Amino acid sequence: MKLSRYLVASDLLSVARTGFEGRVIFPTRTGRLTTMPETVWQMLQAGQWQALDPTLCQRLQDARVLVAEDEDEFSSVVQENIAAVAGHDVLYQVVQPSAWCQLDCSYCGQEHSRKKLSETHQRDLLDRIRERLASGRYRQLKIGWFGAEPLAGLSVMRSLGERAQLLAREFGCDYSARIVTNGMALTPEVARELSERHQVREAEVTLDGLADQHDRLRFTKTGQGSFAKIFANLQAVCAATELGIVVRCNVDRHNAAQVEALIEAIAGAGLAGRVRFYTSPVYAWGNDADQTALGPEEFAQLELEWLALQLRLGFEVGLVPPRRPIVCLSVQRQGEVTDAYGSTFNCTEVPYVPAYGTPNQYQMAVPVHTIHFQRRPSEAPALKLRDFNQQLLAGEHQQCAACRMLPVCGGHCPKSWHEGHAPCPSAKRNMPDRLNLLFAAALAVEA
């Protein structure tokens, strides 16, 4: 046996009232957190696992803290990811019902128009979904409503969504949906319709600070602020419906100082136990938005403060990332994104982005009003995204190969790697401190 390469350990922790002195160990291949005395951890570090109690030794093997000496763990993890993609039985179809958005966010790389997905293209898409469901490999159809702003195409959602649900029932599949929306039109009435009629389980909305800062970053196309309307909508939706709400805060140097105030404002509105909140660094979106980004180390340290604050205020906080064998839509063989023009992609980040050319270099297919979409002569960029796991096995993206977080990260973003950016998530840099925080939170509950 040998100690796994895919382990993260907390700092040395102690509990005075019990005399415990040890660490929290996070095996990223399984996620089975283990608290062990420092003496045991040091024995493992020294390769003295033979001296451990056999029962403990077996438990550590089951958790993949200890693995077979001749195992190539990197290859095992990537092969497991490839197998997960091959066996995936959820057909995920992202639909962008409209190319319009009321907002003109400073970091957005999209170009918006009033175009909506036509009835002809809706029928094309439904035929494509039917073709894939008819294969018999799927147990669930999941629709992701995305933008531009999907609620600008609510009429399309009504028309297409109901027929998609009928298709799922026809093939004996479960059906669910989620939506990413700017929140401007997310009234309680719309939220109830999303939940009851469209089977939307979760809506993700962005707030980038309090009103003064948010409105500098996320303003309407007529230059008006959006915070007040969005925040009022969230409060009303949470009070009147059961729709799951996630609040995302895109962070750069302009608004980092306001994240704590935003968390406190959400808690002050009585939403701490009702919504989930997370932060994400601003990144390049076919533009130079990343020029105002925080450094990775700085963001990771600030994130710890925001996570600790959420815990204190009663938010549900995910400190430990789960195993992620399927990194994103782009590696799924039949998952697709259809934009308002009826074109097909395998990444949500690329439609409507002028920087990717005309035609869009990431475009996989163009509609020809039939289930047999016309494939572009070259799908090179899209294929590069799809074959990300194979690239790892071939020796590309060496940062991933050397990283102990690969099982829970999966590479994070094939498109970013393809464009020459390392998209490593913040947990890579603050995972030991997350474990410290988890330990402290558990002690607080026990007390």
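The values are calculated or read from the model by the stated rules, or taken from the named source; none is laboratory data. All values reported here derive from a predicted model rather than from experimental measurement. When we count neighbours, we look across all protein chains shown, and the Cβ atoms used for this are built from the backbone with ideal geometry, even at glycine. Accessible surface areas use protein heavy atoms only, side chains included; no ligands, DNA or RNA. Shrake-Rupley method; radii C 1.70, N 1.55, O 1.52, S 1.80 Å.
Within region 166-180, take every residue that is of a type in the set (D, E, K, R) and in a strand (DSSP E or B) and give me the one that is least open to solvent (accessible area, probe 1.4 Å).
Step by step, filter region 166-180, then rank; the result is ARG178.
Identify all residues within region 91-141 that are open to solvent by 20 Å² or more (accessible area, probe 1.4 Å), assigned to a strand (DSSP E or B) and not hydroxyl-bearing (Ser, Thr, Tyr); write none if there are none.
LYS116, GLN140 - these are the residues of region 91-141 that are open to solvent by 20 Å² or more (accessible area, probe 1.4 Å), assigned to a strand (DSSP E or B) and not hydroxyl-bearing (Ser, Thr, Tyr).
From the list GLN93, GLN58, GLN45, which one is free of Cβ contacts under 8 Å to residues at least 12 places away in the same chain and at negative phi?
GLN58
List the strands (runs of 3 or more DSSP E) inside region 1-77, counting only whole elements, that have at least 2 residues being over 29 Å from the mean Cα position of the chain (by Cα).
Details: elements: 7-9, 13-15, 20-27, 34-37.
It comes to 13-15, 20-27, 34-37.
For region 332-361: of the residues being small (Gly, Ala, Ser) and over 18 Å from GLN122 (Cα atoms), which is nearest to the chain's Cα centre (by Cα)?
ALA355
Name the residues in region 194-215 that are over 23 Å from ASN250 (Cα atoms) and surrounded by fewer than 16 Cβ atoms within 10 Å (Cβ to Cβ), would you?
Correct list: GLU196, ARG197.
Looking only at residues in region 224-257 that are more than 23 Å from GLY144 (Cα to Cα) and in contact (Cβ under 8 Å) with a residue 60 or more places away in the chain, which one is surrounded by the fewest Cβ atoms within 10 Å (Cβ to Cβ)?
ASP252
Listed here are the residues, each with its yes/no results for (1) open to solvent by less than 30 Å² (accessible area, probe 1.4 Å); (2) farther than 22 Å from LEU319 by Cα; (3) among the polar types (S, T, N, Q).
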position	(1), (2), (3)
LEU3	no, yes, no
ARG17	no, yes, no
PHE26	yes, no, no
THR30	no, no, yes
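Taking interchain pairs and intrachain pairs at least six residues apart, which have beta carbon atoms under 7 angstrom, with the first residue in region 293-314 and in contact (Cβ under 8 Å) with a residue 40 or more places away in the chain and closer than 20 Å to LEU271 by Cα and the second of a type in the set (A, V, I, L, M) and not in a helix (DSSP H, G or I)?
LEU307/VAL317; LEU307/LEU319; GLN310/VAL317; LEU311/VAL317; LEU313/ALA272; GLY314/ALA272
Which one is nearest to TRP100 (Cα to Cα), of the residues in region 344-364 that are open to solvent by 20 Å² or more (accessible area, probe 1.4 Å) and part of a helix (DSSP H, G or I)?
PRO354
Could you please give the count of residues in region 396-412 that are within 22 Å of ASN346 (Cα to Cα), open to solvent by less than 30 Å² (accessible area, probe 1.4 Å) and part of a loop (DSSP other than H, G, I, E, B)?
The number of residues fulfilling the criteria is 2.
What about PHE299, is it touching a Pro at 6+ places or on another chain (Cβ under 7 Å) and either at pLDDT 95 or above or not in a helix (DSSP H, G or I) (or both)?
So PHE299 fits the description; yes.
Could you run through region 258-277 and say how many residues are open to solvent by 20 Å² or more (accessible area, probe 1.4 Å) and free of Cβ contacts under 8 Å to residues at least 40 places away in the same chain?
4
Which condition does GLU69 not pass, out of (1) farther than 26 Å from LEU438 by Cα; (2) surrounded by 12 or more Cβ atoms within 10 Å (Cβ to Cβ), if it passes all the others?
With (1) farther than 26 Å from LEU438 by Cα; (2) surrounded by 12 or more Cβ atoms within 10 Å (Cβ to Cβ) applied to GLU69, the lone miss is (2).
What's the number of the only condition in (1) buried (at least 17 other Cβ atoms within 10 Å of the Cβ); (2) within 29 Å of VAL65 (Cβ to Cβ); (3) modelled with pLDDT under 95 that VAL327 fails to meet?
It is condition (3) that VAL327 fails.
Checking LEU271 against (1) in a loop (DSSP other than H, G, I, E, B); (2) more than 30 Å from HIS112 (Cβ to Cβ), only one condition comes out false. Which one?
Evaluating LEU271 over (1) in a loop (DSSP other than H, G, I, E, B); (2) more than 30 Å from HIS112 (Cβ to Cβ) leaves (2) as the failure.
Please specify each residue of region 181-235 satisfying the condition of being touching a Gly at 6+ places or on another chain (Cβ under 9 Å), assigned to a loop (DSSP other than H, G, I, E, B) and hydroxyl-bearing (Ser, Thr, Tyr).
Scanning region 181-235 gives THR181, SER226.
Identify, please: which residue in region 218-261 is of a type in the set (S, T, N, Q) and out of contact with any strand residue (DSSP E or B) (no Cβ under 7 Å at 6 or more places or on another chain) and is, among those, nearest to GLU202 (Cα to Cα)?
Per the criteria, the residue is THR241.
Looking at region 108-126, is at least one residue touching a Pro at 6+ places or on another chain (Cβ under 6 Å) and within 26 Å of VAL327 (Cα to Cα)?
no
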